[in-house]
Each structure stands twice: as C-alpha cells, then as structure tokens.
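Asks: After the structure tokens below, expect a handful of questions from me.
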Amino acid sequence: MASIFTRIVNGEIPSYKIAESNECYAFLDINPLAKGHTLVIPKKEVDYMLDVDDELYKTLFSFAKQVGHAIESVVDCKRIGMIVFGLDVPHAHIHLIPINKASDMSFSSPKLSFSNKEFIEIASTIRKAFEDQ
Ligand code: 5GP
C-alpha cells in the first residue's frame, strides 16, 4: 500500500505545499514543533533514508538546503535544524525545523496547532521565498 506521503505527492491527501521538483516534494508538517516546520521527501517511495540511492540522496539534501534557506528567510529563528527519524511514516523524509535552541528540536515537546488559514499563510510565505531565490 502506498505510504501517506506518496498519497500526498499524488494529491490524494491534501498538504500545505512549499515546493516541488521532479524528484522531491516539501510540505508543512501537520503537527509542527515550530512555525514553518517542513518535511522534505523524495517522490519515489523509499522507507529508510539510508536505503535511498546516492544520486537521489544528494538531490534530496540539496533540495532540502534550498527549502531551508527559504524558511529561514521568512521565519524568525537562529537556524534551521535538520533531523531524520522516520519512526512513524515509512517514507524517507527530512524534518526542517526553525530553532533558537537545541531543545526546540525535541519531539517530546508539545506540538503547535495552527488553523487552516494560518497553515495556508505560512506555506504561501515560505513558497514565495523559495520561488524568489
Ligand atoms: P517521523 O516518521 O519522522 O517519526 O514522523 C513523521 C512526521 O510526519 C510527524 O512529524 C508527523 O506530524 C508528520 N505527519 C504524519 N502524517 C502526516 C500527514 O498526513 N500530513 C503531514 N503534513 N504531516 C504528517
């Protein structure tokens, strides 16, 4: 069965899209640790990041770098933290999280909630920054 992220890429499940290329897709995490928390995935469904082939791995991280720069240009933060867990969703993904301190990356912290309107606004601001790069 297709992963939930493949279904997002295919448009079967909605997402707050940030950017896309032929190989990669970026969208807001629905349970964010911070405003602008974004997931970057390869469109090709591979469960485990360490099983992504070298070429796609480089493409994915290069794309994530561009997305990270777009996020930090519009979200107030010291850095964009990058982390890979993949314990919940079996489709390789990079978390990009605006942070000011290490504990901002703690997944045991309560998640933020935003309204649909707020998610749309955040995504559209980051998307524009990405397109303007
Ligand atoms: P991980 O697999 O890295 O442990 O966590 C999966 C991440 O995907 C979580 O941060 C979770 O909030 C996010 N997530 C799970 N399902 C969805 C979904 O349907 N849409 C979006 N945008 N994010 C999701």
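The values are calculated or read from the model by the stated rules, or taken from the named source; none is laboratory data. What you see is a predicted model; the values in this text were computed from it and never measured. As a convention, Cβ positions derive from the backbone with ideal geometry for all residues, glycine included, and neighbour counts pool all protein chains shown. These area figures cover heavy atoms from the full protein model, side chains too; ligands, DNA and RNA do not enter into them. Shrake-Rupley method; radii C 1.70, N 1.55, O 1.52, S 1.80 Å.
Asks: Using the Cα centre of the chain as the reference point, and only Cβ charges (+1 on K/R, -1 on D/E), how large is the resulting charge dipole? Debye, rounded to the nearest 20.
Replies: So the dipole magnitude of the chain works out to roughly 420 debye.
Asks: Further, regarding this structure: Using only alpha carbon pairs under 8 Å that are at least six residues apart, calculate the relative contact order of segment 29-133 and give it in whole percent.
Replies: Here the relative contact order equals 40 percent.
Asks: Can you list the aspartates and glutamates whose alpha carbon sits under 15 Å from that of residue 78, skipping same-chain ones fewer than 8 residues off?
Replies: Candidates past the 8-residue exclusion: 104.
Asks: Here is a further query. Using the Karplus curve 6.51 cos²θ - 1.76 cosθ + 1.60 with θ = phi - 60°, work out ³J(HN,Hα) for each residue of segment 77-91 in order, rounded to whole Hz, and write x for Gly and Pro.
Replies: Residue by residue, segment 77-91 yields 6, 7, 8, 9, x, 10, 8, 10, 10, x, 7, 9, 10, x, 8 Hz.
Asks: Now for a different question. Which entries in 17/101; 58/117; 17/117 show an alpha-carbon gap greater than 23 Å?
Replies: 17/101; 58/117
Asks: Write down the accessible area per residue of the chain in Å², having rolled a 1.4 Å probe over the full set of protein chains.
Replies: 58 Å²
Asks: Turning to a different aspect of this structure: Using a 1.4 Å probe on the protein heavy atoms, what percent of the accessible area of the chain belongs to carbon and sulfur?
Replies: 51 percent
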